[in-house]
Amino acid sequence: MLRDLWREPTDGLLDLPSQEDQGYAMIREGRQPRKAHDFALFSQDAVAGWARRLREILRAASGDALVTLGQDEGGTYTRPAQQLMAESLDYTAIHTWWNNDDLLWDGVMTKVPEKPNLHQETGLMRLEDADGRPWRSQAQAAALFERKVAYAFASRGAGAVEWAWNINPFQPIDNESVIGVFRPDGTAKAELAALTDAAAFFGKAAPWLDDFEPDPVLLVIPHARLFSARPGDLEATKRVVRLLAERFGVVPTAVSDQRLGGARLAPARLVIVPSPELLSDEAARALLAAAAAGARVVITGALEGDAYGRRSEALVALGAVAENLPLAVHERTRWGSGWATFDGQLGERLRKGPGAFDTAAALWREPLPLEFAREPEPLAALLGAALKSAGVLVHPSDDRVAARVLAAPRALLVTCVNETALAARRRVVIDGKARSIPVAAGRARLVLFERATGKVLATTPGDPIDAAGR
């Protein structure tokens, strides 16, 4: 049986017409070939097909084992993407290694609504200064690892697995051979506390946790833009995730523009499409349907059409135009202080859309790519207005501490991560009552509240939790 399954591992993916035949077919259909875009889609499909067949083989051999395909942060870019192979897996996975500025974003971008996402290789690679001394102290390394573990849960992950538990002196790569939480002499590094604290917390929290409520905010990943090698790639999504979490205590669910559909958009009150430039007709129709069904849809920056230069009726309805406008260094905006700065040669790489929009409409087409502005305030003001218009519960703060409140039927799981150099108290709203959670500089905090009473059921170490304002 295994031999029969293995005979067709590509599941027909390689039975394709020649590149020349494909090009002529596309021209006959009124679209021009886009080699970078089409090869990216082909490679994503090929890996997803291989993963699907491999899962079938492993299931045939071992029964109902859960199967995933390991991938590090490269899956958020042009390597095989968790978002696009999720249908072939039982759960997605992310290895958080080197992208330490965007740990929450990593988790958001690799979690699909229908399946769990496991942070299954989480650790710290050794970083040294010019003299070979550790760049971080033991306490700083432990704090970073604690933030990684906390962000795994803030991004709605199923958990975090440290790699490797013991040091590996046989690993030929210096920055990986020392990763373990135990040294060669058997003594534990300070990072171990992050794991034991989280384990103790979830030991108490587990009986209270059921499935969480769907997220009211959905972020559309502009894969068509990324695969077309457009400048800026996915940078706009990073700014959105950070501002939502730090300013408003909201973390979105992310969905690729290649996988938009009614079922995925249905729970969303607010759909954010940051600086897409390119969208397929299918994605455009899904967004219009979401707006018609009552969701607030916000699209920023230029929108040209699809990846082949076509502008369908749906794309035109979203605001796609043949010629978008040049972007000035300083642009007037209705948001924030009234000005946005696009320096760093952005005017030679980005454009803006035409006109303005009516805030009373379901579809907001903000002409400026505010995610790329030097100042964060215009984008933060736009996001705040959109959240309010969509009726999304927020937990506002000016302390730059990321927060997320995940609602289960009987309890609320709160994650706070402080990436600043100052201690702070993060304000969150627990079923209508404001609470203040102390978070030390560079540290993280997990708290579980009972919904019926607001009682603290479990917490990781830290100062007492008070009513907000105390």
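Any idea which of T122, T196 is within 25 Å of L89 (Cβ to Cβ) and not aliphatic (A, V, I, L, M)?
T122
Scan R404, R443, R427 and give me the residue that is without any contact (Cβ under 8 Å) to a residue 60 or more places away in the chain and closer than 30 Å to D210 by Cβ.
R427
Suppose the filter is buried (at least 18 other Cβ atoms within 10 Å of the Cβ) and more than 23 Å from N99 (Cα to Cα); does E282 pass it?
no
Output yes when any residue across the stretch 125-147 is touching a residue at least 12 places away in the same chain (Cβ under 8 Å), on the phi < 0 side of the Ramachandran plot and within 14 Å of the chain's Cα centre (by Cα), and no when none is.
no
Between a first residue in the stretch 169-196 that is in contact (Cβ under 8 Å) with a residue 60 or more places away in the chain and a second residue that is outside any helix (DSSP H, G or I) and surrounded by 12 or more Cβ atoms within 10 Å (Cβ to Cβ), which pairs have beta carbons less than 7 Å apart while being 6 or more apart in sequence or on different chains?
Matching pairs, first to second residue: E191/L124; E191/V181.
Quick one: is F153 of a type in the set (F, W, Y), crowded, with 22+ Cβ neighbours inside 10 Å and more than 16 Å from W97 (Cβ to Cβ)?
Judged against the criteria, F153 is a match.
Strands (runs of 3 or more DSSP E) wholly in the stretch 240-301 with at least 2 residues that are within 17 Å of the chain's Cα centre (by Cα), outside the structural domain of E313 (by TED's automatic domain parsing) and modelled with pLDDT under 95 - which ones?
Result: empty, no element qualifies.
Being closer than 30 Å to A143 by Cα and of a type in the set (K, R) is the filter; apply it to the stretch 188-232 and report the residue that is surrounded by the fewest Cβ atoms within 10 Å (Cβ to Cβ).
Selected residue: K204.
Can you confirm whether A229 is modelled with pLDDT under 95, more than 30 Å from A411 (Cα to Cα) and not assigned by TED's automatic domain parsing to the domain that holds F372?
No.
Would you point out the residue of the stretch 189-224, among those that are aromatic (F, W, Y), under 25 Å from E114 (Cα atoms) and assigned to a helix (DSSP H, G or I), that is farthest from the chain's Cα centre (by Cα)?
Applying the filter and picking the extreme gives W208.
Can you pull out the strands (runs of 3 or more DSSP E) entirely within the stretch 310-426 that have at least 3 residues that are farther than 30 Å from V439 by Cα? Break it down stepwise before answering.
On the way: elements: 330-332, 339-341, 363-366, 401-407, 411-418.
Counting at least 3 such residues, we get 330-332, 339-341, 363-366.
Out of R400, R374, report the one residue that is in contact with a Ser or Thr (Cβ under 6 Å, 6 or more places away or on another chain), surrounded by fewer than 21 Cβ atoms within 10 Å (Cβ to Cβ) and within 30 Å of F201 (Cα to Cα).
R400
Report every pair of residues separated by at least 6 positions or lying on different chains whose Cβ atoms are under 7 Å apart, first residue within the stretch 233-253 and crowded, with 21+ Cβ neighbours inside 10 Å, second basic (K, R).
Correct list of pairs: A245/R404; E246/R400; G249/R404; V251/R404.
The values are calculated or read from the model by the stated rules, or taken from the named source; none is laboratory data. What you see is a predicted model, and the numbers here were worked out from it, not measured in a lab. All Cβ positions, glycine included, derive from the backbone under ideal geometry; neighbour counts span all protein chains shown.
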